[in-house]
Amino acid sequence: MHIKNGKDFWAGLMFVGFGVWFMLVSLNYPMGSAVRMGPAYFPTVLGGLLAVLGGMVFFRAFFSKIDHPFKVFAFRPLLLVAAIVVGGATYFASDLLKDAPMVEFALTGLALLLFVGAFGPRSMFLILLACGIFGYALKPLGLVLSIVILIVVSAAGGHDFRKIEIAYLTVGLVLFGVLVFVKGLGLPFNLWPGE
Amino acid sequence: MDFALIHNLSIGFGVALSLQNLMYCFFGVLLGTLIGVLPGIGPVATIAMLLPVTFNLSPISALIMLAGIYYGAQYGGSTTAILVNLPGESSSVVTCLDGYQMARQGRAGPALAIAAMGSFFAGCVATVIIALFAPPLAEVALKFGPAEYFSLMVLGLVGATVLAHGSLVKAIAMTILGLLLGVVGTDVNSGIARFSFGISELSDGINFVVVAMGVFGFTEIIVNLEQGEAREVFVNKVTGLMPTWKDLKDSSGAILRGTALGSALGILPGGGALLSSFAAYTLEKKIGDTSKFGKGEIRGVAAPESANNAGAQTSFIPLLTLGIPSNPVMALMIGAMMIQGIAPGPQVMTERPELFWGMIASMWIGNLMLVILNLPLIGMWVKLLTVPYRMLYPSILLFCCVGVFSLSNAPFDVMLTALFGLLGYIFVKLECEPAPLILGFILGPLMEENLRRAMLLSRGDATVFFTKPISGVLLGIAVALLLITLAPAVQKTREEAFVE
């Protein structure tokens, strides 16, 4: 069989995956009846529908009149496997890691990084990384340092990184953030570490 | 009835003309124009970002400001489309075709002026249409029970899929995926936390802003960076704003047709600014002398720009009367109302008339402000376009992250948004339209709740959805819509309409 439409092929797989996953997880909850629907009823029915539709999209990929290459975006299977291994190990070892929450946090983070890194261009990885760090750094490091990290890391994802321009931008946004977010809008952020 | 309308409008203008609300209206349309002009950030991301801030405002000020952002963005989007050949807003895609050509011929001024005039006219008409049609519709909606609401939501979702770009099957699948994601969190009936895997943040469900910001905001930045930037700005060529008498004569018909079409399509579920502008351009190309289209035809600017503004405004009708969002921006407006403790639905109009009429009056005032903001200040907006994207996107990211974080001061939300950004990138690459997913996501819990109630009331008899008259008609329309779309002849023209 020849895959004509790569986009449909992967989209179909994705929908089937999501549908089956929602159905499988729903097995843990009571189904109820049509009169008194349990928590599993709605997601099971919809998951089944999604899987069927996904199957349609998947098979359409072989007969499609529209040609799309099989390779739709950059994909690194090794990183995905590594992400699943690290993530799975962390999940099943969660009892062992109870006394070491920092280790569990670091392993989960690593699994997520590997997962995000498995797809798409380098700029996406850096941008999403910058946002993730910003979220987790905001409380411990304070707003000022978090903004610096966010701007520098995300700017590194662009096409040309101009040091002086980024420095000005960072200073400007730090000032803006402190004045508008904290002083103006009254958002409860600390400015520096350990405040 | 006429007396009631005047009475209601006077309440509305009384509310909207208070100094505080005028200020928020101005702020909203100014911000809307700004993000409309800037490619890469749209009303969805902006409204999502401002949601946490609106918590401290009065409900009416908050809604006036957020509404202003949406229709303000329609004005701003045309500026970028005409001068840079880039849609500042997705609804201005078709304006690029003829608007940019006009700019290349040194007629950027008239193009911008006609776009603003058409938008203003359309905005005024749409305001009147909301004032006229919303109250009777709300009256009907008050009679709705769970079965009717369920069917109405089915119709809304079907509408959204039928009107989405590209493949119908994929659009339906995206809707269902959205419904499923909406189900994540604690089930109200049994108290069981579904799909949360012991993560406490997930047991409250996924916040709507997280999904919208990830799938729209982050994804847009990633895709923009991947494509690289190539811009040619006609900064110095904006001379002589005034259109000639012939321009006015040529475009007046197009403005009227665009307004009418946009107002009608805005009300449809799944409709709004984007669909309206496409449809208006397609219609215009079928009427009269079509030889100049694509080569700087002024009608090609006037019609879609009037239509997208009319559509943006009339899409408030289903939100205000039925409590059902017809597009992602309206879904965010529901979020804004809920933050303020207002349950969206037909009762808003009777219980909080000052809110409903104040918002409508503010739309007219806001449109007036927009004409003033756009025409004389055009030079300022043009300057903004010279800011390079490499400086713009880190700033946008900062706003997005701060907005998401402040939802509940949770780092987890920021991380989840990043993951939705990844998912959104995959959607774009696989040509899966994200708008139906967002609609499904917001309607998921509501649909499940109404389905359960309806089935409980009918003792498990599913035929109730077809035997109740209103519900049956709604489902009938939904089925008919699907069948029409599946008919091969329509499928063909539909592809053409979206390709252009």
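Residue by residue along A:63-76, Cβ atoms of other protein chains within 10 Å of the local Cβ number 1 on average. Mean-square fluctuations from a GNM of chain A, with a 10 angstrom spring cutoff on Cα atoms, peak among A:Val152, A:Val144, A:Val45 at A:Val45. For chain B, the relative contact order comes to 28 percent (Cα pairs under 8 Å, sequence separation of at least 6). If R0 is 35 Å, the Cβ-Cβ spacing of A:Lys65 and B:Arg104 corresponds to a FRET efficiency of close to 0.45.
In peptide A:145-154, what is the residue-averaged number of other protein chain Cβ atoms found within 10 Å of each Cβ?
Details: counts 0, 4, 4, 0, 0, 6, 5, 1, 2, 9.
Across A:145-154, the average partner-chain Cβ count within 10 Å equals 3.
Within the straight-line cut-off of under 25 Å between alpha carbons, the lysines reachable from B:Lys468 are B:Lys143, sequence neighbours fewer than 8 places apart in one chain being disregarded. When B:Ser119, A:Ser33, B:Ser18 are sorted by how many other C-beta atoms sit within 10 angstrom of their C-beta, beginning with the fewest, the order is A:Ser33, B:Ser18, B:Ser119. This ranking places A:Asp67, A:Asp8 by how few other beta-carbon atoms lie within 10 Å of each, fewest first, which gives A:Asp67, A:Asp8.
Within straight-line reach of A:Lys183, meaning a Cα separation under 30 Å, sit the following lysines at least 8 residues removed in sequence or on another chain: A:Lys139, A:Lys163, B:Lys383. With neighbour counts taken as other beta-carbon atoms within 10 Å, the residues B:Asp98, B:Asp250, A:Asp95, B:Asp461 rank, fewest first, as A:Asp95, B:Asp461, B:Asp250, B:Asp98. Computed from label points 7 Å out along Cα-Cβ, the spacing between B:Leu22 and A:Lys183 is 2.8 nm. Remark on region A:6-63: hydrodynamic radius 11.8 angstrom, per the Kirkwood mean of 1/r across alpha carbon pairs.
Per-peptide packing, taken as the mean over residues of other Cβ atoms within 10 Å, places B:73-82, B:200-209, A:182-191, B:420-429 in the sequence B:73-82, B:420-429, B:200-209, A:182-191 from highest down. In straight-distance terms, cross-link reach from B:Lys170 covers every one of the lysines whose alpha-carbon lies under 28 Å from its own, apart from those fewer than eight places away in the same chain; here that gives A:Lys4, A:Lys7, A:Lys65, A:Lys71, B:Lys429, B:Lys492.
Want the number for B:Asn189 to B:Ser58: 0.36 nm per residue separation, take away the alpha-carbon distance, what's left?
On the way: separation 131, 0.36 × 131 = 47.16 nm, distance 3.22 nm.
Taking B:Asn189 through B:Ser58 to full extension adds about 43.9 nm, to one decimal.
Computed over chain A, relative contact order equals 18 percent, with contacts defined as Cα pairs under 8 Å that lie 6+ residues apart. Per-residue ellipticity at 222 nm, computed for chain B from helices alone with -39500 (n - 2.57) per DSSP H run of at least four residues, works out to -24000 deg cm²/dmol. In this structure, the amide hydrogen of B:Gly323, modeled 1.01 Å from its nitrogen in the peptide plane, lies closer than 5 angstrom to those of B:Gly345, counting only residues at least 5 positions away or on a different chain. A simple rule links phi to the HN-Hα coupling: the Karplus curve 6.51 cos²θ - 1.76 cosθ + 1.60 with θ = phi - 60°, which for region B:7-24 gives 4, 4, 5, 5, 4, x, 5, x, 6, 5, 8, 5, 4, 4, 5, 4, 5, 5 Hz, with x for Gly and Pro. Take every Cα pair under 8 Å whose residues are at least 6 apart in sequence, average their separation, divide by the length of region A:122-195, and the relative contact order is 41 percent. 3J(HN,Hα) couplings calculated from phi for region B:477-482 with the Karplus curve 6.51 cos²θ - 1.76 cosθ + 1.60 (θ = phi - 60°) are, in sequence order, 4, 4, 4, 4, 4, 5 Hz; Gly and Pro show x.
Highest average first, the peptides A:54-65, B:360-371, B:283-294, A:80-91 ordered by how many other beta carbon atoms sit within 10 Å of their residues are B:360-371, A:54-65, A:80-91, B:283-294. Peptide B:426-436 has a mean shielding of 4, counted as Cβ atoms of other protein chains within 10 Å of each residue's Cβ.
None of the figures in this text is laboratory data; all of them are computed from the coordinates on show. A quick note: this is a predicted structure, and the numbers were derived from the prediction, not measured. A quick note on method: Cβ atoms are made from the backbone with ideal geometry, for glycine too, and the neighbour counts reach across all protein chains shown.
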